[in-house]
Amino acid sequence: MPWLRSSAVVAAGLATFVVAGAWYVSAKLRDGSDDRPPLVAPQKEQSMKSDTPGQSPEKQNSDKQNSEKQASDKVVKTDEEWRKTLTEMQYYVMRQKGTERAFTGEYWDTKTPGTYHCAGCGEPLFTSEAKFDSHCGWPSFYQPIDGLKDKRIEEHADRSHFMVRTEVTCRKCGAHLGHIFDDSPQTPTGMRYCINSASIKLVEKPGDAKPAESAAGPEKK
Ligand SMILES: [Zn+2]
């Protein structure tokens, strides 16, 4: 009996050892699995990082593209494409540097509030706030939408027609817009951006149009 008891003790001890061993192993495994997540996590981080750089180069590229678009990206079309997209008058003025006849253009006498965009590429170029009546027969602005140094507008010396003038073009698409003259002391800048109506498109200011509509529609009540 003592032998049996001792063997039982041994068995119990063995069982304990086995259980302890199993626990140790499982703990080790758990440790291992605990270790793994950090291992996995860096991998994940890495893969995320590699994803992020994978995304961010694209993003950076698109950001670059966007910034380039904002900064220097130009609308480039072939002559044929411009011919297709522009009216005859627009093509003549914008791509061939023609000038519409005075008092014939769409906007020479327009006082509607809004923003004048390039008819070639849609870039906003002038606002109605800077439009003034110069009596010259063409829409006249004393400054571009962002002031005299507006990068949307490019200036070029123009020596055609036995005159020395400063031509203005849309930076984005290169469209000829008109000329600048410093003959308007009645304006805040003294300058006159003499622009062909054919080169611009007025986008009317909705804020001003709506109150006018609601004011004009008393039956709306
Ligand atoms: Zn343009």
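The values are calculated or read from the model by the stated rules, or taken from the named source; none is laboratory data. Because the structure is a prediction, the values reported are computed rather than measured. Don't worry about glycine lacking a Cβ; one is built from the backbone with ideal geometry, like all the others, and counts go over all protein chains shown.
Miscellaneous remarks
- Set ASP146, ASP182, ASP133: member being at pLDDT 95 or above, in the same structural domain as PHE103 (by TED's automatic domain parsing) and either surrounded by 15 or more Cβ atoms within 10 Å (Cβ to Cβ) or within 16 Å of TRP108 (Cβ to Cβ) (or both): ASP133
- Within region 93-131, considering residues that are assigned to a helix (DSSP H, G or I) and more than 16 Å from the ligand (Cβ to nearest atom), the one nearest to HIS161 (Cα to Cα): ALA130
- Test: residue in region 92-115 that is farther than 15 Å from SER197 by Cβ and exposed (fewer than 15 other Cβ atoms within 10 Å of the Cβ): yes
- Among the residues making up region 132-177, a single one is within 16 Å of the ligand (Cβ to nearest atom) and on the phi > 0 side of the Ramachandran plot: GLY174.
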